[in-house]
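Visitor: Questions regarding the structure given below will be posed in turn.
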Amino acid sequence: MIKNIIIGQLLSLLGGFFNKILDYAKEVAERNHEDRHNPVVVGWYSFVYLAAYGLGALAARIFWLTLPPQDIIIGVFFFLPVFVLGAMLGGSLLYLAGRRLTDQSRIILGSVVTAVLLIGLGGQILLWGFELWDQNQPTNKINMVQAAQPLEALPLVYAEVIPPMLAYERTADTLRVTNLSDAGLTVQLTLALPQGVLMQRCHARLETLVCPGEACPPLSGENASATASVSSLAPLLGAGQTGLYKTDHCDEGFAEAKPEFRVFSVDEDRFLFKSETTLIPDIH
């Protein structure tokens, strides 16, 4: 309710602002003995009014960018005067130029000034937007560094790629994962099904841990090759150890689902491997 009231008030203020600009443009057109009902004429004088502010902002931005670092404090005091002077000068030049131009020439000049303002004022915003987009495109980053780094060093890899530090085998409702490295790894395994732009997931449950020979942790006070019962989505797999993940709790639709891996190095305290699809949110 309050949100709708605020939006309504803002729209009302904007409407009143633009109505005042149109009234101003019609008065100027009439004062210059031009047709106040001609949309090009009214549009031109409205544009001159708004463009003056844009040109003032552009002048202030150029002034700020060319300011030496040691003069920043002084520049703050001159920022507003530069803006006002730029708006007055730019608006006056547009106004005088438009008096001598035809409607078609006014449209062309308006388009050029708009392009200058978009580039001058919006260029940095576009650059920020492209940088933000690039930061959220990990696939692009992988393309740039893949030739320089081994796959094991990448924090994110393409979907359906099996981690090179693991051996993976799938049989019925069991996923068998073996740690091929010489360090302890935390492995989280998930089955993922695309659902539009989201993902439906079923977390594989690690029920047993198979330990080879001396690497096996003590069980009931004895050390031997054995099977240890565990209960965790992402327990530690020691070097050479094998985890048996169960998926019998997943729906039948996950029979064809692709595996997602998250492999974390305990020694290095960082992820060594993530499937690309882990970036896609879950469906709720």
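Visitor: When residues of the range 237-279 are filtered for being part of a loop (DSSP other than H, G, I, E, B) and surrounded by fewer than 17 Cβ atoms within 10 Å (Cβ to Cβ), how many remain? Before the answer, list the steps.
Guide: Narrowing the range 237-279 to residues part of a loop (DSSP other than H, G, I, E, B): 238-241, 247-251, 257, 266-269.
Restricting the remaining residues to those that are surrounded by fewer than 17 Cβ atoms within 10 Å (Cβ to Cβ) gives 239, 248-249, 251, 266-269.
Summing the residues that are part of a loop (DSSP other than H, G, I, E, B) and surrounded by fewer than 17 Cβ atoms within 10 Å (Cβ to Cβ) in the range 237-279 gives 8.
Visitor: Let me ask something additional. Just one of 168, 158 is modelled with pLDDT of 90 or more, surrounded by 12 or more Cβ atoms within 10 Å (Cβ to Cβ) and assigned by TED's automatic domain parsing to the domain that holds residue 244; which is it?
Guide: Only one candidate passes the filter, namely 168.
Visitor: Give 47, 83 a once-over and let me know the one that is in contact with a Leu (Cβ under 9 Å, 6 or more places away or on another chain) and at pLDDT 90 or above. Spell out how you get there, then give the answer.
Guide: Values: 83 fails: in contact with a Leu (Cβ under 9 Å, 6 or more places away or on another chain).
Result: 47 is the single residue among 47, 83 that is in contact with a Leu (Cβ under 9 Å, 6 or more places away or on another chain) and at pLDDT 90 or above.
Visitor: Looking at 241, 188, 146, can you tell me which residue is of a type in the set (S, T, N, Q) and modelled with pLDDT under 85? Walk me through how you get there before you give the answer.
Guide: Details: 241 fails: modelled with pLDDT under 85; 188 fails: modelled with pLDDT under 85.
After applying the criteria, what remains is 146.
Visitor: To continue, here is another question. Can you find even one residue in the range 218-236 that is at pLDDT below 85, in contact with a Leu (Cβ under 9 Å, 6 or more places away or on another chain) and exposed (fewer than 12 other Cβ atoms within 10 Å of the Cβ)? Let's see the steps before the verdict.
Guide: Quick first cut of the range 218-236, residues at pLDDT below 85 only: 218-236.
Still in the running and in contact with a Leu (Cβ under 9 Å, 6 or more places away or on another chain): 226-236.
Narrowing the set further to residues that are exposed (fewer than 12 other Cβ atoms within 10 Å of the Cβ) leaves 229, 231.
The answer is yes; a qualifying residue exists.
Visitor: Can you find, within the range 200-216, the residue that is nearest to residue 281 (Cα to Cα) among those that are modelled with pLDDT under 85 and part of a strand (DSSP E or B)?
Guide: Here is the first cut: in the range 200-216, the residues modelled with pLDDT under 85 are 206-216.
Now drop any that are not part of a strand (DSSP E or B), which leaves 206-211.
On the way: 206: 23, 207: 26, 208: 29, 209: 30, 210: 32, 211: 34 Å.
It comes out as 206.
The values are calculated or read from the model by the stated rules, or taken from the named source; none is laboratory data. Bear in mind that the values here come from a model prediction, so they are computed numbers and not experimental data. Note: ideal-geometry Cβ built from the backbone for every residue, glycine included; neighbour counts use all protein chains shown.
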